[in-house]
Each structure stands twice: as structure tokens, then as C-alpha cells.
1. Which lysines, if any, have their Cα less than 25 Å from the Cα of Lys8, not counting same-chain residues under 8 positions apart?
2. Amide H neighbours of Ile205 under 5 Å, counting only residues 5+ apart in sequence or on other chains, H built in-plane at 1.01 Å?
3. Please list the radius of gyration and Dmax for the chain, considering alpha-carbon atoms only, with Å as the unit.
4. For region 1-110, just the Cα atoms, rotate onto the principal axes and tell me the three extents in Å, largest first.
5. Within the chain, which complete DSSP H helices have Cα atoms spanning at least 24 Å along the helix axis and a mean Kyte-Doolittle hydropathy of -1.0 or higher?
6. If we count every other residue with Cβ under 14 angstrom of Leu338's Cβ, Lys/Arg +1 and Asp/Glu -1, where does the sum land?
7. I want the local charge near Thr210. Using Cβ-Cβ distances under 15 Å, sum +1 for each Lys or Arg and -1 for each Asp or Glu among the other residues.
8. Could you list log10 I(q)/I(0) for region 173-219 at q = 0.15, 0.21, 0.33 Å⁻¹, which the Debye formula gives when each Cα is one point scatterer?
Amino acid sequence: MYDVKSLKAEEFINHEEILETLDYTEKNKDNRELIEKILEKAAPKKTGRGVECAGLSHREASVLLACEDPEIKEKIFDLAKRIKEAFYGNRIVMFAPLYLSNYCVNQCVYCPYHLKNKEIPRRKLTQEEIRKEVIALQDMGHKRLAIECGEDPVNNPIEYVLECIHTIYSSKPKNGAIRRVTVNIAATTVENFRKLKEAEIGTYILFQETYHKESYEKLHPAGPKHDYAYHTEAMDRAMEGGIDDVGLGVLFGLEMYRYEFAGLLMHAEHLEAVHGVGPHTISIPRVKKASDIDPSVFDNGIDDDTFAKIIACIRIAVPYTGMIISTRESEECREKVLELGISQISGASRTSVGGYAGYSPEERPHDTEQFDVSDQRSLDEVVKWLMDAGHIPSFCTACYRAGRTGDRFMALCKVGQIQNCCHPNALMTLQEYLTDYASPETKKIGEALIAKEIENVPNEKTKQTALKYLQEIREGGKRDFRF
Ligand code: SAM
């Protein structure tokens, strides 16, 4: 039976409830009156505390996703843009993945790291190699990494991951520093989550891959990841272990997207109901070509239009959650979806183990690559492209370092303090990037953007302090200011 507060996977992601939701959406997808009401409910509203959004239930959001009326679709896109603008403004946070090891004992049929793939060499970085990777990433300008690792208790035990995190945080040559490490490793125990929390990780990310239990079991035929309940309940254990910020995701293409969409929102509702805080981020990867993997064998691939609509509907349903898109997607696709709700993107990514150090921007090793990267531009090109399109590339990591995690971050969003906090933080970290790493052209565009955008800090005192800090970064050699 469906129970949002249950701690059992099959009760909070309840198959019958999803089927009933899909049935309800089929019956109501042309019900204009209902759809207008849903759009009105989700619209940003001015309250005594600032601007707030009510969000939508999985049923309501599923009706929007199912509706095919072009006029309504435009309204959905417009509303998603307004919500993005209200809570995330034009800031886009930058990060890069760092692959630690591709040893894996699982058999995920869509992933080239699967145990039986003999085409790829297996590799695990030593601490010295990690230091080199981190320096290469810092030399591009990155401040935020997402570490990625196959599941292998012998080759990649939790002690290895913890040691890697320590190495990453302690490698600080020149002005470089990785200030936030997001962790994307397999579902683990409460005790291990506690250790990750003590190692001061940012977000714990785990993609559900699919919420459809029967498909999940077929797609993960063996290995620890086969256990649907253990995987699906991982976020509850992470929160029990003290991790406030967790990131959800579906690997689109594996199952019917409407089923996944309802499941994803039910998972977000569950976290909110049980822990009082929803997901910090939602990722929307699509299956890509990779060694021993042909994405066309999965029947549920989605086109760019549907992909954009899913992003817009997630934005509307969970307005305060960050949304991440990776270099799996092309420049054109990323450009289209940025304004619909994306708040974080990766740049200059390498998905191979040891893909950064020792390679020029044009060279990329393919032997241990996890999947094909569509957007292959350098970080400088991505930063410039974002600014040309009116976005502010941000290297900010302030919130979790200032203890604004979980519901405290959500509270900041809700009371509209973002413009006085995230906005100057984004500009100051962009200034660090321009001063330390940017090409002359990017620097010129960036300096002009900062001069214009600083005027959008509403609080005069904050604005004056930010101006002083910007000057100290530019001319005083100082770094790491934050509000
Ligand atoms: N081993 C951990 C796990 O299984 O959750 C996390 C690391 S895994 C390298 C990161 C993610 O890559 C997976 O959760 C999956 O969604 C994604 N992935 C795997 N194969 C992919 C493919 N062919 N195309 C796109 N993404 C893929």
C-alpha cells in the first residue's frame, strides 16, 4: 500500500500508486480547467516572507507532463522559467566529475563498468595520481568535484573513498582549492554514510536508474546493486547517517519516462515527509553510448523536446531543488534547458579514470571512459558561452561550508535571501576564476558582467561589502570570501 512516510521502498515508491497516477493523467491530460488550476497552484506568490512556491504533488505534475496541448506546453515552459528566475536567478554552478576507479562487481546492463566487460582496462587511481588529477582540475578553475566510483568492496572500500576525499581537500597549490566534494558511490550502510559526513562531503548523489522494480532487477541482474530495496532506501540511510544534502536522479531511457517521473517525485515527497527536507539536487542523465553499451537497445529513449518538458515539470513540482545536467548532453541541448530550471552543469569533463592530468584540452583518453561526452568544450569555453547567453557561471561552495545545508538552505531559498547571498557569492567566485584562470576574452566579458550584475544585489550594505571583496580578489591577492 502507498505510504509516503513508510521506510520501505515498495511502500513509498508504490507501483500501484504510480499506475493509478498514470491512469489519472490519461483521463485528465486534456482537462484544461484542472491543468489551469495546477499551473496557478504552482506559480510563484509574494508572501510576507518573500516569494514562495507551493510545488506540486506527483499526480498534479504528472498531468502537466502528459498534456500535449502546445499552448499549455508553452505555459509550462514559461512557468518553469519564472520559478528558475525567482529562486536561482541567472546563476549556474560549475562542477567536474572525477573518476576514482572503474573496478565494479555489479552487472548494470547499461554501464560499461559492468563486471563482465572485458573490453575496458580496469584502473584505480593512487593518492599521488589523485593529487595530479585535482591539480589539473584546479588549474582549469574548478572548485567543486563530483567523485565517481564503481562498486567493489575489495578494490574500492569506503576507506579508499575517504582517503581520496582527504587527498582532494588537502591538495591546494597556488590559489587552487577544491572546496566541495560531492560523492556518487553505491548505496552503503548508515555507518559508512556517517564516515562520509565526517569527511565533510557536500551532497551524496545516487541515481535510482529506474523506479520500476521489475525492470530494475532485470537491469541489475547480479551484484549488490541488484537489491532494489537496499538501493531505493539509501537516501534514508544517508540522512540517518547525518548527511543533509542528497541528490536524486533517474537514468532516462531505461524505462517509460512518465513512470520514472512519478517515481522520482514520490521519492522527493518521501524525503520531505520523513526528514523534513527534500532532495538537494535532481539529476537527469540520459543513457549514452559506451564501451560494450549500445543505447538503442533500450526502448525508452526520449527526444530533446520530451527531455526539456521533463526538466520544466520537475522545476515546477520541486521549485527549491537544484537541477544538474552533465556533459552527456550536447551544447545545443544544454543551452535549451538551462533556462527551464537547470542550476548546475559540469564543464570540461573527462569520464575516464585518470582523464585530466597530462592531457591537453584536445586530447582525451577513451580506454576507461564511462560514456561518450557530447559537450567536449574546455571550461573557459563553457564559462564564456554561459556569459554570452546571459548566465552567471558560479564556482560558489558557500552554503554547505556556512552550515546552510538541508532545510536551512531551503529556508534561505524561501525567504528570498538568495539575491543578497548567492548572487554576490557567485560574482566573487567568478571573479576568482577570471583573475586566476580565464583567457583574456573571457576575462573581459566577465568583468563587464560582474560590474552589471553587482547592481542587482538589493541590500546596499551587502553590495558595498561585495564590491570591496571583489577589489581585494582582483588586486589584493585575497580569495575565498563568502556571505
Ligand atoms: N557506482 C555507483 C552507482 O552504481 O550508483 C555510482 C557511480 S556510476 C559510475 C554513476 C552513474 O553513471 C550511474 O548511476 C548511471 O546512472 C550512470 N551511467 C552508467 N552508464 C551510463 C551510460 N551508458 N550512459 C549514461 N550514464 C550512465
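1. Of all the lysines, those that pass the test against Lys8 - Cα under 25 Å, at least 8 places apart if same chain - are Lys195, Lys197, Lys213, Lys218, Lys225.
2. Result for Ile205 returns Val183, Asn184, Ile185, Gly247.
3. That works out to 21.5, 63 Å for Rg and Dmax.
4. 51, 39, 32
5. 70-88, 257-275, 418-436
6. Around Leu338, the charge tally is -3.
7. Working: positive: Lys213, Lys218, Lys225, Arg258, Arg286; negative: Glu10, Glu209, Glu214, Glu217, Asp227, Glu255, Glu260, Asp299.
Charge balance near Thr210 sits at -3.
8. For the requested q values the scattering log ratios are -0.57, -0.81, -1.18.
Any read-out appearing in this document is the output of simple, stated calculations on the displayed coordinates, not a laboratory observation. Computed from a predicted model, the values in this text were never measured in an experiment. Neighbour counts run over all protein chains shown; Cβ positions are idealised from the backbone, glycine included.
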